[in-house]
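Nothing in this text is a laboratory measurement; each read-out follows from the coordinates by a stated rule. This one's a predicted model, so the numbers in the text were calculated from it and none came from an experiment. Don't worry about glycine lacking a Cβ; one is built from the backbone with ideal geometry, like all the others, and counts go over all protein chains shown.
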Amino acid sequence: MAPTMDIDENKAPTPPPPTPPATTAKPKKTKVAAPSASSESASAHPDMSLAQDIHRLVMVHEGKLSSGDATSIIGGGRSVEDLLDGVMSRVGTGGKCVADAIRANWARHAGGGGGPEKAEEEEEEEGGPSSSGGGGDGGATPAPAAAVEIVVGGDDDGEPLLNPSLYRHLRSALSYASPSALSESDLDALLSHHESVLVSLNSAVTRASDEAGDMEVLSAMMDVARYKARCCAKDDAMDAYRAVLALPKLSAGKRLDAHLEMARVCSFWGDFRGYGDALAVAARAIAKGGDWDRRNRLRVYQALAFLLVRDAEGASKLLVEGIATFSCAELCDYPEFVTYAIVTGLLCLKRTELKKSIIDGSEVLQVAKDIPVLIRLANTLYDCDYKAYLNALVDLQPHLVANRYLQPHAGYLLRELHVLAYKQFLDSYQSVTLESMASSFGVGTEFLDVQLSRFIAAGRLTAKIDKYGGVVETNRPDWKNARYQEMIQKGDLLLNRIQKLGRVVDL
């Protein structure tokens with residue numbers, strides 16, 4: 001399953017993806033929390049910011065997000081068309097011809113043995129690369145060219161993915177028909193190239209096994225897994241990580257790293273059940289030993305897992321605790337993390353804790369300019385400015401839809417945020433007229449009457465509406481009465497079950 005293609009039911013700090021010349025560069029996002037040592041060593045792939053961009057394009061394509069809202073959220077003066085071209089360029093060859101992209105990728109991942117000089121000699125001996133540019137058939141995988149700098153290690157999250165399986169899926173799902181789109185022969189050439197690169201990487205594993213130690217074998221096998229996570233399908237990457245986990249001598253820290261990268265692969269491809277399963281195994285692994293930093297990063301992964309199953313309270317606890325210690329930059333950026341903390345914190349935190357951790361939190365204030373809608377939502381609720389609060393909710397809706405973790409629960413979150421405001425308002429009154437309450441919220445009395453009636457009938461608000469008098473009367477059952485009513489209900493249920501059991505015994 002491709003990334004969030006069925007989203008109706010995560011990030012390293014990324015420079016702008018390669019785009020065609022007409023595309024405006026993506027604005028650089030605010031970095032507040034410094035990445036930790038283990039976070040910096042984490043793979044840049046799958047790129048979770050790319051997954052968010054793909055999700056936004058899917059929402060626009062399916063009509064769930066307007067182009068205007070998407071353009072506003074994307075920012076940087078980029079349109080939806082710019083984003084689409086940028087995403088397809090990043091998934092494909094980065095705007096290069098296929099031959100050049102293959103040559104650069106070979107030099108980066110398989111041509112490091114003899115350096116650029118040896119690569120040039122090999123190319124001259126073999127008569128140069130046989131791949132053709134643009135729409136050619138690709139031919140055999142070329143030897144690395146001297147003009148290409150061989151990069152060993154370092155941050156490579158700006159390079160094109162050269163992922164033919166993902167490219168094919170997005171081209172179909174997003175109806176991408178640009179003249180610059182890669183042809184089938186181009187994609188077949190990329191597949192053939194990846195097979196050649198993987199042969200080289202696997203030979204490095206064999207050499208390490210024969211000539212080096214366990215750490216070298218682990219490093220070579222992780223190179224294979226991370227390459228597949230970038231360029232190949234999900235199942236190929238998962239199999240490679242399972243091979244890493246099958247190594248006989250693997251430290252707890254490296255084992256957890258592999259589990260977390262497996263979780264990211266699942267999340268990128270929209271396999272959220274697999275994401276949860278990987279985290280469950282990771283939690284068991286870290287219980288046997290693990291450093292504080294990896295535990296801290298695991299909690300961020302777990303918080304997003306709670307979001308996926310609509311456990312706002314569990315997510316809020318982990319998110320708020322992680323605001324000051326966030327270092328999981330490979331899963332999401334800091335403003336995105338704070339967004340999750342604010343949304344869940346509004347629903348679950350007491351006013352005093354909301355004021356301390358969110359509204360006055362120094363870390364939150366540092367990224368306030370990146371998430372103005374969320375900041376306005378929290379402030380207006382705390383200040384009891386209900387009219388501005390509802391306006392902020394309207395502005396929040398497209399941001400929820402544009403987020404791959406929040407979109408499946410957008411309706412639920414908006415409903416709960418409405419209930420939160422109505423409850424806070426009614427807690428201040430014994431009774432209040434519908435007209436006065438409607439004026440405070442900036443809505444019509446008929447609209448408010450319908451909303452309150454629905455929430456009262458569902459048991460979400462303890463109030464009743466005097467339609468004739470146009471008054472809303474609050475009803476606050478005390479703790480003893482609430483427990484008494486609960487005991488009566490459970491007692492009736494128990495008696496019914498005993499009666500059913502008695503009839504079965506009599507038979």
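Please give the length that would be gained between Asp235 and Glu184 if that part of the chain were fully extended, namely 0.36 nm times their separation in residues minus their C-alpha to C-alpha distance (nm, one decimal).
16.2 nm
Taking amide hydrogens as modeled 1.01 Å from N in the peptide plane, which residues meet the under 5 Å criterion relative to Val471, leaving out close sequence neighbours?
Long-range HN contacts for Val471: Leu434, Asp466.
Would you mind checking which residues have amide H under 5 Å from Ala463's amide H? H placed 1.01 Å from N; only 5 or more apart, or other chain.
The list, which skips near neighbours in sequence, is Asn475.
Length gain on complete extension for the stretch Asn496 to Asn391, per 0.36 nm per residue less the alpha carbon to alpha carbon distance?
33.0 nm
Could you give me the ³J(HN,Hα) list for the stretch 288-304, computed from phi with Karplus coefficients 6.51, -1.76, 1.60 and θ = phi - 60°, whole Hz, x at Gly and Pro?
Coupling constants for the stretch 288-304: 8, x, x, 7, 4, 5, 5, 4, 5, 5, 4, 5, 5, 4, 5, 4, 5 Hz.
What list do you get for Thr71, Thr445, Thr352 if you sort them by fewest beta carbons within 10 Å?
The fewest-first ordering by Cβ neighbours comes to Thr352, Thr445, Thr71.
Can you list residues whose amide H is under 5 Å from Ser431's amide H, if they're 5+ apart or on another chain and H is modeled 1.01 Å from N?
Counting only residues 5 or more places away or on other chains, the set is Thr474.
Can you compute the FRET efficiency between Asp210 and Arg242 using 1/(1 + (r/R0)^6), with r the Cβ-Cβ distance and R0 = 22 Å? Round to the nearest 0.05. Write down the numbers at each step before the final one.
On the way: r = 22 Å, r/R0 = 1.02.
For R0 = 22 Å, the calculated efficiency reads 0.45.
Select from Tyr241, His193, Ala229 the residue farthest towards the positive end of the dipole of the stretch 145-290; place +1 on Cβ of Lys and Arg, -1 on Cβ of Asp and Glu, and compute about the Cα centre.
Positive-end residue among those listed: Tyr241.
Using DSSP to define loop residues, name the GluC sites (Glu not before Pro) in the stretch 299-408 whose beta-carbon has at most 12 other beta-carbon atoms within 10 Å.
none
Show me the ranking of peptides 230-236, 402-408 by mean Cβ neighbours inside 10 Å, starting with the highest. Each step should come with its number before you reach the end.
Details: 230-236: 19.9, 402-408: 23.1.
Per-residue Cβ counts within 10 Å, averaged per peptide and sorted highest first, yield 402-408, 230-236.
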